[in-house]
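Below: one structure, written as structure tokens.
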Amino acid sequence: MKNKENKIAINSVQIEIKSFKDSMKDLKESFKKIERGETIKEKKIVFKDLDTLRSILTKERIRLLHCIRFKHPESIYELAKNLDRNWRLVSEDVKLLSNVGLITLEKKTEPREIIKPIVNFGKMNIGIMI
């Protein structure tokens with residue numbers, strides 16, 4: 001699946017809630033796969049608890065992800081206009097979602113410097129270890 005920029009798009013992202021210990025086990029297994037020459041294709045984001053996940057994936061941030069995915073804004077300013085939200089607040093949300101790996105930021109310098117937010121997946125699968 002390819003997006004507008006002809007970059008490989010991920011169909012879905014796996015979001016998990018698990019302990020640090022369990023996360024380290026998964027990481028160790030991933031390193032073993034890489035050592036064997038296997039390719040790791042899945043995108044996985046792990047949170048330590050449900051409260052952390054809830055604090056990141058708020059209703060407004062999910063709306064923001066949806067807007068990026070379907071309206072393809074060329075800048076954070078355009079994204080804020082599409083959402084009818086304050087630019088500064090949208091910029092903070094974009095930075096946070098970028099830091100956790102849900103948004104990719106593409107810098108463009110021509111004709112002026114802008115930052116384009118990109119979402120490369122179509123759905124989130126959320127798994128909770130119990």
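The values are calculated or read from the model by the stated rules, or taken from the named source; none is laboratory data. None of the values given here were measured: they were computed from a predicted structure. Please note: Cβ atoms are built from the backbone with ideal geometry, for glycine as well, and neighbour counts cover all protein chains shown. For the accessible areas, the whole protein counts, side chains as well, though only heavy atoms, and no ligand, DNA or RNA atoms are used. Shrake-Rupley method; radii C 1.70, N 1.55, O 1.52, S 1.80 Å.
Side notes on the structure shown:
- Single residue of S55, S98 found to be open to solvent by 60 Å² or more (accessible area, probe 1.4 Å), of a type in the set (S, T, N, Q) and either in contact with a strand residue (DSSP E or B) (Cβ under 7 Å, 6 or more places away or on another chain) or closer than 28 Å to S23 by Cα (or both): S55
- The residues of the stretch 84-103 that are free of Cβ contacts under 8 Å to residues at least 24 places away in the same chain and part of a helix (DSSP H, G or I), listed by number, are W87, R88, L89, S91, E92, K95, S98, N99.
- Criterion: open to solvent by 70 Å² or more (accessible area, probe 1.4 Å) and within 20 Å of N11 (Cα to Cα) - qualifying residue of E38, E92: E38
- Total residues in the stretch 13-25, condition loosely packed, with under 13 Cβ neighbours inside 10 Å and modelled with pLDDT under 80: 3
- Residue match in the stretch 108-117 (condition: under 15 Å from the mean Cα position of the chain (by Cα) and modelled with pLDDT of 85 or more): yes
- Residues satisfying the stated conditions in the stretch 33-47, i.e. part of a loop (DSSP other than H, G, I, E, B) and either of a type outside the set (G, A, S) or at pLDDT below 75 (or both): R36, E38, T39, I40, K41, E42
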